[in-house]
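*Asks:* Before we start, here is the structure in question, set down as structure tokens.
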Amino acid sequence: MQLVVARIGRAHGIKGEVTVEVRTDEPELRLGPGAVLLTDPASAGPLTIESGRVHSGRLLLRFEGVRDRTAAEALRNTVLIAEVDPTELPEEEDEYYDHQLIDLDVVLADGTEIGVITEISHLPSQDLFIVERPDGTELMIPFVGEIVTEIDLEEQRAVIDPPPGLIDDRAEIVSSRDDGVSSEGEGEESA
């Protein structure tokens, strides 16, 4: 099974290092020296990581055979892909690989069926489940503990507790004003 683990950014310096946008929760495992990664586009790889270091909060990698800025810049926007055993599980208990979540049924706590996870979208702020509803429409559900309350891989389901308006068009409107009280004309005197 293949997992996207990073995307190559711009060249750093003149000796072939590149910045990478990490897309794995296990960079020390997937992006360590000696790791051989497939690439998209395939013509750029496979690439073997020679060394890595953190500089100003960004991961920098150097690949075998990439010795100058020109060669490093040619790799820009290349996606790095790791080959992973499908039975392998993440190190942390509450972490999941995308392939474990795809095709899970999404249900409410009372068992009401919402749809099926068809894709995981990895955004900078959070991950989103892309859920296909029975009517064919798509729904985006933030993969955060307050909303996704349980992942049950044995039962092949994700239980959610959505806030009002997330899964339907009827958002609950809460007003801080008392019903029937108008603010028009307050503070004005009649002549």
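The values are calculated or read from the model by the stated rules, or taken from the named source; none is laboratory data. Given the structure is predicted, the values throughout are model-derived calculations rather than measurements. A quick note on method: Cβ atoms are made from the backbone with ideal geometry, for glycine too, and the neighbour counts reach across all protein chains shown. Side chains included, ligands, DNA and RNA excluded: accessible areas come from the protein's heavy atoms. Shrake-Rupley method; radii C 1.70, N 1.55, O 1.52, S 1.80 Å.
*Asks:* Skip the ligands, DNA and RNA, and give the accessible area per residue of region 101-146 with a 1.4 Å probe, whole Å².
*Replies:* Ligands and nucleic acids excluded, the figure is 57 Å² per residue.
*Asks:* Heavy atoms only, probe 1.4 Å: what % of the accessible area of region 1-149 goes to carbon and sulfur, would you let me know?
*Replies:* So the carbon and sulfur contribution to the accessible surface is 49 percent.
*Asks:* So which GluC sites (Glu not before Pro) in region 44-139 are both in a DSSP loop and have at most 16 other Cβ atoms within 10 Å of their Cβ?
*Replies:* The qualifying sites are E64, E88, E91, E92, E93, E95.
*Asks:* Test of understanding: what is the full-extension gain from H99 to S43, defined as 0.36 nm times their sequence separation minus their Cα-Cα distance?
*Replies:* Separation in residues times 0.36 nm, less the Cα-Cα distance, equals 17.7 nm.
*Asks:* Each residue of region 28-39 in order: what ³J(HN,Hα) in whole Hz does its phi give by Karplus 6.51 cos²θ - 1.76 cosθ + 1.60, θ = phi - 60°, with x for Gly and Pro?
*Replies:* Residue by residue, region 28-39 yields 5, 7, 8, 10, x, x, x, 5, 9, 10, 6, 9 Hz.
*Asks:* In nm, what is the difference between 0.36 nm times the number of residues separating E150 and E83 and their Cα-Cα distance?
*Replies:* Extra length available between E150 and E83 comes to 21.3 nm.
*Asks:* Additional query: Using only protein heavy atoms and a 1.4 Å probe, report how much of M140 is accessible, in Å² to the nearest 10.
*Replies:* 120
*Asks:* Separate question: Between S51 and R133, what length in nm is gained on full extension when 0.36 nm per residue of separation is reduced by their alpha carbon distance?
*Replies:* Gain on extension, S51 to R133, equals 25.0 nm.
*Asks:* Another question, then. Ordered by residue, what ³J(HN,Hα) values in Hz, to whole numbers, does region 5-12 give under the Karplus form 6.51 cos²θ - 1.76 cosθ + 1.60, where θ = phi - 60° and Gly and Pro are x?
*Replies:* Each residue's phi maps through the Karplus curve to give 10, 5, 10, 6, x, 7, 5, 10 Hz.
*Asks:* I've got another one for you. Can you give the charge dipole size of region 1-81 about its Cα centre, rounded to the nearest 20 debye, using +1 on the beta carbon of Lys and Arg and -1 on the beta carbon of Asp and Glu?
*Replies:* Result for region 1-81 is approximately 260 debye, rounded to the nearest 20.
*Asks:* Give a residue-ordered list of calculated ³J(HN,Hα) values for region 143-159 (Karplus: 6.51 cos²θ - 1.76 cosθ + 1.60, θ = phi - 60°; whole Hz; x for Gly, Pro).
*Replies:* 8, 10, x, 5, 9, 8, 8, 7, 10, 10, 5, 5, 8, 6, 8, 10, 9
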